Amino acid sequence: MTFELTDELVDSIISALDNQEKKFVVAAEENSLVEITDDIAVDDEAYYEIPSWTSKDGFSLMERFVNDLHSPMARTDLLNVLRSGRGVFRGFKDVLKSYPEVEKRWHFFKNKELALYINSWYNSLRETWGLEQIDCEVEETEELLHDDFMFTPFNFKSDRDDILKCLDSATFDNVENWPKEVEAALSDLVKDKNQRHLSKDSCGFVCRSLSKDFIGSAVFSPCLSNAPNTVLLTSFFVQQKFRGLGIGSELLEQSIEELKNRHFKWVLIADTFITDTLTPLLIRTGFKKLGSGYILSLFAE
């Protein structure tokens, strides 16, 4: 007897793989999972054994997720848990609670990988049944960012103070070996630049959490009157805890589209502290090095 691998059955099997205390099988006639009892025996006819999944497999899955994670703070904390050698699974869950956005991505990654694993197992069964293999379709992650964050056009009245306040507690990359005074000086410089340049004529986008907490910004200000087609990147910042989630990329993408709609031609980055995590993003976006700064041509020459 065959059975159909429905979405409900996949979800049930994923839950069962997480349960290391009980054993389950697929009841073909009911097309559902049942717990093994003395009255149930795997016979590959009425009852089918679900794919095996050990704690070693679970650890390997966590390792793959962390190795590909681009959020520096969360990655460091999760790596420390994986290397601790004890209480790894509980510790992994506890760390993720401090990073809700990363936790959501972990559950998506885990469910996607397990769905593919279950699909492979099911296709092996279909082969023995003389049936064609099926594809496993898993939803993409593109909407996850907008499920967790709001991206809105920069509003001088409501956003300026939040940007400046956030810069008071800004944490910069690669300054841990320098005195705290150096980091404080950098924060003052960046904040002073924003105070001087942020104005009602500035444009760009701001990212906030669903509870409206400030997360980051990409704001551009017009240059002098003799350069009407050029804007200066005034504020490009993502709070450290949220870096590596794609927020900076989304802020830049939406801001550049807005700049094009306003018919600006060039973007300059000068006299601005750019973190190491944001530099590769600038290059991918099309910015080119110009002295100690960067320039972006918004329209093809």
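At-a-glance table
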item	result
Estimated dipole of the chain in Debye, rounded to 20 [Cβ of Lys and Arg +1, of Asp and Glu -1, Cα centre]	2380
Distance between region 1-62 and region 201-270 - C-alpha centres, whole angstrom	49
22 Å tail of the calculated P(r), region 147-297, as % of Cα pairs	37
Among the listed pairs Lys191/Lys260; Lys212/Lys288; Lys56/Lys97; Lys193/Lys265; Lys110/Lys260; Lys22/Lys110, those beyond 31 Å (Cα-Cα)	Lys212/Lys288; Lys110/Lys260
Relative contact order [Cα under 8 Å, 6+ residues apart], the chain, whole percent	12
Cα lying deepest toward the dipole's positive end in the chain, options Thr37, Ala16, Phe236, charges on Cβ	Phe236
Cβ-based charge dipole, region 7-144, positive-most Cα from Phe108, Gly85, Ala28	Gly85
Using distinct alpha-carbon pairs, which all enter the 1/r mean, Kirkwood radius of the chain in Å	22.8
Region 7-144: Rg to Rh, with Rh as the Kirkwood radius over Cα pairs	1.02
Rounded tilt (10° steps) of 247-261 against the dominant C-alpha axis of the chain	50
Principal-axis tilt of helix 156-168 within the chain, Cα atoms, nearest 10 degrees	80
Helix axis angle, 55-67 relative to the chain longest principal axis, alpha carbon, degrees	20
Efficiency of FRET between Thr279 and Glu132 - r from beta-carbon atoms, R0 45 angstrom, step 0.05	0.40
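Here, each number is a calculation from the coordinates, and none is a lab measurement. It should be emphasised that the depicted structure is a prediction, and the values quoted were computed from it without experimental measurement. Here Cβ is always computed from backbone atoms with ideal geometry, including for glycine, and neighbour counts include all displayed protein chains.
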